[in-house]
Structure formats: structure tokens, C-alpha cells
Ligand code: SAM
């Protein structure tokens with residue numbers, strides 16, 4: 001059955017020029033956002049706004065998730081590290097895009113959100129995404145190197161550990177700035193940066209995050 005509200009969100013994201021690729025559009029259909037928000041805000045799941053998921057954290061605005069996913073240029077079979085699992089929605093989108101031969105590792109620092117995101121991913125029967133509790137500002141040595149690393153919280157700097165854990169042709173996507181406004185950067189392993197515009201994210205915590 002067609003999910004009319006999700007279709008209308010997809011149409012909106014195309015009309016504002018954020019949603020461009022077929023594989024991102026397919027992932028949005030396969031992993032509806034309503035499955036990643038608390039029951040109390042489910043009626044707002046398809047609005048293009050961030051929503052509260054508890055513990056002072058939000059599921060990102062759909063336009064932001066789509067802009068980041070497009071910028072990440074995800075391919076089937078890739079190994080991706082996500083920092084800041086939150087609800088698990090972005091994780092699920094990436095898992096759909098890498099397919100059964102790829103894998104997404106995701107780190108979340110708040111134990112309650114580790115549990116929430118794992119439950120959401122399990123309900124959706126997503127097998128190629130693994131969530132761990134930990135400080136993602138230092139990356140995840142165990143499963144390196146990564147084709148892509150995506151940071152979904154605003155950072156005061158570009159942590160060198162993350163660049164070290166990238167494959168030679170890998171991409172790191174990270175919002176960098178102060179507590180209130182960040183610039184989203186696409187960064188190569190050599191440290192070459194592309195500015196993708198201004199965004200507002202919740203702060204990255206941990207060793208290389210905000211104190
Ligand atoms: N993309 C997520 C989604 O689809 O729901 C939203 C992520 S939310 C904007 C940012 C997340 O980063 C929060 O859940 C926060 O707890 C987490 N976070 C902040 N600092 C972190 C760190 N050092 N390591 C891992 N997770 C962190």
C-alpha cells in the first residue's frame with residue numbers, strides 16, 4: 001500500500017532540490033521515518049522538522065538527512081561508520097543503500113538511544129547495521145578502514161583519528177563549528193575540504209567534542 005504521507009515528504013524533498021538520487025529515494029521508501037520516532041510524535045513523522053527522541057536529542061530534519069546522504073555518495077557494498085545513531089533512521093537509510101554486501105557500523109554515546117535505535121532497526125529487520133555504545137569522536141578502530149564516515153552531531157574540529165580510519169579514497173562528512181551553527185564539510189583522507197553550507201546540529205560530545 002502506498003504511504004501517502006511519505007510520498008508527500010519525498011515530493012517536498014525533491015521540490016526543494018535536496019533529493020536527487022534514485023537510491024536515496026528508494027531508501028526513503030524502504031525505511032519510513034515513522035518507525036524511528038517515539039509514539040508521542042509519530043503524527044509528525046513526515047513533517048520536514050527535527051523531532052524530539054528523548055535525552056535532549058533529536059532525529060534530524062529529513063532535508064538534513066537527505067542532504068547528508070546525497071553528499072556521502074553511497075555505493076553498494078561499502079563499509080560505513082556513522083557517529084551519532086540517535087533514532088537509527090539515518091543508519092537504516094545507509095544500510096538500505098549499501099545493500100546486503102555492505103555494512104554500517106554506528107556509534108551512539110547515550111545508552112538509552114543505543115537501546116532505542118537497536119529496537120527500531122530490529123523491528124525493521126535490518127541485518128547489515130550494527131550499533132555500539134561509545135564515543136564516536138575517536139572513531140571505531142576495530143572495523144576500519146571505512147569507505148565513508150558520517151558524523152551527525154556538530155563538532156568543534158575535524159578529529160584526525162577519523163581521517164586515519166578512512167580508506168585512501170574515502171569521504172568524511174562532518175558538521176564543524178560552534179554550539180549553535182556549523183558548516184557541513186565533505187573531507188578527503190588528505191584533509192581537503194568542501195563546504196556544503198550551514199547547518200544546526202546537536203553538539204558532538206566525547207574526546208574531540210564539546211566539553
Ligand atoms: N541521525 C540521527 C537520526 O537519524 O536519528 C540523529 C542523530 S542526533 C542529531 C546526534 C546524535 O549524536 C545524538 O543521538 C547524540 O547522543 C549522538 N552523539 C553526540 N556525541 C556523540 C559521540 N561522541 N559519540 C557517539 N554519539 C554521539
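Only helices enter this figure: runs of n ≥ 4 DSSP H residues, each worth -39500 (n - 2.57), summed and divided by the residues of the chain, yield -8500 deg cm²/dmol at 222 nm to the nearest 500. Axis angle, to the nearest 10 degrees, between helix 4-15 and the longest C-alpha principal axis of the chain: 50 degrees. Once the Cα atoms are used to define both axes, helix 62-72 deviates from the longest principal axis of the chain by about 50 degrees. Rounded to the nearest 10 degrees, the inclination of helix 111-123 to the longest alpha-carbon principal axis of the chain is 50 degrees. Please report the spacing between the Cα centers of segment 160-187 and segment 47-89 in Å, no decimals. With segment 160-187 and segment 47-89 each reduced to a Cα centre, they are spaced 15 Å. Working ranking of peptides 134-140, 165-171 by packing, defined as the average number of other Cβ atoms within 10 Å per residue, highest first, is 134-140, 165-171.
So if each residue of separation counts as 0.36 nm, and I subtract the Cα-Cα distance between residue 20 and residue 133, what length gain in nm does that give? Answer, rounded to one decimal: 37.4 nm. If the chain linking residue 29 and residue 141 were pulled fully straight, counting 0.36 nm for each residue of separation and taking away their Cα-Cα distance, it would gain 37.1 nm. When peptides 87-100, 175-188 are ranked by their average number of other Cβ atoms within 10 Å per residue, the highest-first order is 87-100, 175-188.
Explain nothing, just the number: relative contact order of segment 4-199, from Cα pairs under 8 Å at least 6 residues apart, as a whole percent. For segment 4-199, the relative contact order is 15 percent. Could you compute how fast segment 4-199 diffuses translationally, taking Rh as the Kirkwood radius over C-alpha pairs and applying Stokes-Einstein at 20 °C with viscosity 1.002 mPa s? Give it in µm² per second. Roughly 129 µm²/s, to the nearest whole number.
Bear in mind that the values in this text are calculations on the coordinates, not laboratory data. From a predicted model like this one, the values you see are computed outputs, not experimental measurements. All Cβ positions, even for glycine, are placed from backbone atoms using ideal geometry, and neighbour counts span all protein chains on display.
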